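Below is one structure, written out as structure tokens; comments come after it.
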Amino acid sequence: MMIIMNPEATPEQIEHVVERVEGAGAKAHLSRGEEITVIGAVGDREHVARLGLEGSPGVDAVVPILKPYKLASGQLRHGEPTVLDIAGRRIGGPHFALIAGPCTVESRDQTLACARGMRDCGATMFRGGAYKPRTSPYAFQGLGQEGLRLLAEAKDVSGLPVVTEVMDARDLPAILEVADVLQIGARNMQNYPLLAEAGRSGRPVLLKRGLSATLEELLMAAEYILKEGNEAVILCERGIRTFETAYRFTLDLMAIPVLKELTHLPVIVDPSHAAGRRALVEPLSLAAAAAGADGLIVEVHPEPEEAICDGPQALELSGFASYVERVGQAAAVAGKALAAV
Ligand code: PEP
Ligand code: MN
């Protein structure tokens, strides 16, 4: 259920409704918009309905949330988009974020060169994996703890917030020392205990769509994070499996406007993993930005031919500044601004 407060509702009235909802055994999730506050009551619908909150002071209306995902639903925020502030960088609404960096933290030189480059070119955040989900168990799995240490250094030298993947909840305490955003990869989109743990950490989460997940499944996965009281979730379309074999994955650009209809959460696109090859990354980036994505996460490498992981899809650091400029123009088409801070 969703309890919509009057624009004039006082903090005491809001608090009173929260107490009554929780007293009925449901969890109250407060969502403060520009104008109004909405309280999402998640729990036994009958119990909440029986409270008769319609007549309570400060309450405008009590309505059911129609979708199976409640807190992710656009209805909860009356169509108002969520804007997240990640260490001073905003994403959502009119704010377009460009998250860029290598697939994997490979060495100190590679990581720091890339981080400085991203800062100089005006990227919003720095990405880099210390723990990598690899198809083959024999492939390089990432530097682990040492990778996290290098990411901390990259953050220091660039001043950019760090986005890095968590695959195992046991690594979370160490990852939380450096990550401004926890990435949950496509292969873990339905790892529900991991989603809940990331939710409980309170750290913003970048949640990638599974290789064969529907948008509803993606939103239900986001719900696991939101349910823990963590409101900072960024959804990421990164390509899905289809019958097409001419490229690695099919980038589902339709997911952008459709997710925008369904949810208030920011939606970004990963053109790199969808494409699997460099030449496709820029056209897909421009299309995603023009279609209204709230940002991109893209792989860049100072020497792609030397990369241990995902070299063929990595953009060259040397051409990145002009790429950023064109992405900024495409974002402007959709009414969004790419701003470093
Ligand atoms: C990544 O971003 O490095 C990655 C492995 O992505 P995905 O989970 O989308 O495959
Ligand atoms: Mn990669």
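Here Asp85 passes the criteria (1) within 28 Å of Ala290 (Cβ to Cβ); (2) within 16 Å of ligand 2 (Cβ to nearest atom); (3) free of Cβ contacts under 8 Å to residues at least 24 places away in the same chain except the one numbered (2).
Taking the conditions exactly as written (within 16 Å of the chain's Cα centre (by Cα), more than 16 Å from ligand 1 (Cβ to nearest atom) and modelled with pLDDT under 95), does Gly292 satisfy them or not? Judged against the criteria, Gly292 is not a match.
Would you confirm, using the coordinates I've provided, whether Leu206 is within 16 Å of the chain's Cα centre (by Cα), within 16 Å of ligand 1 (Cβ to nearest atom), free of Cβ contacts under 8 Å to residues at least 60 places away in the same chain and open to solvent by less than 10 Å² (accessible area, probe 1.4 Å)? The answer is no for Leu206. Contact map, region 166-177: first residue farther than 18 Å from Tyr192 by Cα, second residue β-branched (Val, Ile, Thr), Cβ cut-off under 7 Å, separation 6 or more or different chains; pairs are Ile175/Thr164; Ile175/Val166. Checked against the criterion of being touching a Pro at 6+ places or on another chain (Cβ under 8 Å), on the phi < 0 side of the Ramachandran plot and of a type in the set (Ser, Thr, Tyr), region 317-338 contains not a single residue that satisfies it.
Do we find a residue being of a type outside the set (Ser, Thr, Tyr), crowded, with 16+ Cβ neighbours inside 10 Å and under 21 Å from Glu80 (Cβ atoms) anywhere in region 317-330? Within region 317-330, none of the residues are of a type outside the set (Ser, Thr, Tyr), crowded, with 16+ Cβ neighbours inside 10 Å and under 21 Å from Glu80 (Cβ atoms).
Among the strands (runs of 3 or more DSSP E) confined to region 62-138, the ones with at least 1 residues that are within 16 Å of ligand 1 (Cβ to nearest atom) are located at 95-101, 125-127.
The one condition from (1) touching a Gly at 6+ places or on another chain (Cβ under 9 Å); (2) farther than 19 Å from Phe126 by Cβ; (3) away from ligand 1 (no atom under 16 Å from the Cβ); (4) aliphatic (A, V, I, L, M) that Leu160 does not meet is (2). Among residues of region 27-39 that are part of a loop (DSSP other than H, G, I, E, B), those with a beta-carbon under 7 Å from a residue that is open to solvent by 40 Å² or more (accessible area, probe 1.4 Å) at least six positions away or on a different chain give the pairs Gly33/His78; Gly33/Glu80; Glu34/Glu80; Glu35/Pro7; Ile36/Pro7. Of the residues making up region 163-182, those that are touching a Lys or Arg at 6+ places or on another chain (Cβ under 9 Å), within 13 Å of ligand 1 (Cβ to nearest atom) and part of a loop (DSSP other than H, G, I, E, B) number 1. Counting only helices (runs of 4 or more DSSP H) that sit wholly inside region 244-341, those with at least 3 residues that are away from ligand 2 (no atom under 16 Å from the Cβ) are 255-262, 278-290, 320-333.
Among residues of region 90-109 being of a type outside the set (Gly, Ala, Ser) and under 19 Å from Gln329 (Cα atoms), the one that is nearest to ligand 2 (Cβ to nearest atom) is Ile99. With respect to (1) under 24 Å from Asp120 (Cα atoms); (2) surrounded by fewer than 17 Cβ atoms within 10 Å (Cβ to Cβ); (3) within 23 Å of the chain's Cα centre (by Cα), the lone exception for Asp270 is condition (2).
Taken over region 1-23, the criterion of being part of a loop (DSSP other than H, G, I, E, B) and surrounded by fewer than 19 Cβ atoms within 10 Å (Cβ to Cβ) is satisfied by Asn6, Pro7, Glu8, Thr10. What are the residues in region 214-243 that are assigned to a loop (DSSP other than H, G, I, E, B) and either of a type in the set (Phe, Trp, Tyr) or crowded, with 24+ Cβ neighbours inside 10 Å (or both), if any? Result: Gly239, Phe243. If you go through region 298-315 and keep only what is among the charged types (D, E, K, R), under 25 Å from the mean Cα position of the chain (by Cα) and open to solvent by 20 Å² or more (accessible area, probe 1.4 Å), you end up with just Asp310. You will find that of Ala275, Ala279, Ala289, Ala255, the residue that is surrounded by fewer than 18 Cβ atoms within 10 Å (Cβ to Cβ), more than 18 Å from Gln183 (Cα to Cα) and hydrophobic (A, V, I, L, M, F, W, C) is Ala279 and no other.
The values are calculated or read from the model by the stated rules, or taken from the named source; none is laboratory data. Computed from a prediction, not measured in an experiment: that's the story for all the values here. Cβ atoms come from the backbone with ideal geometry, glycine included; neighbour counts cover every protein chain shown. We work out accessible area using only protein heavy atoms, side chains counted, and drop any ligands, DNA or RNA first. Shrake-Rupley method; radii C 1.70, N 1.55, O 1.52, S 1.80 Å.
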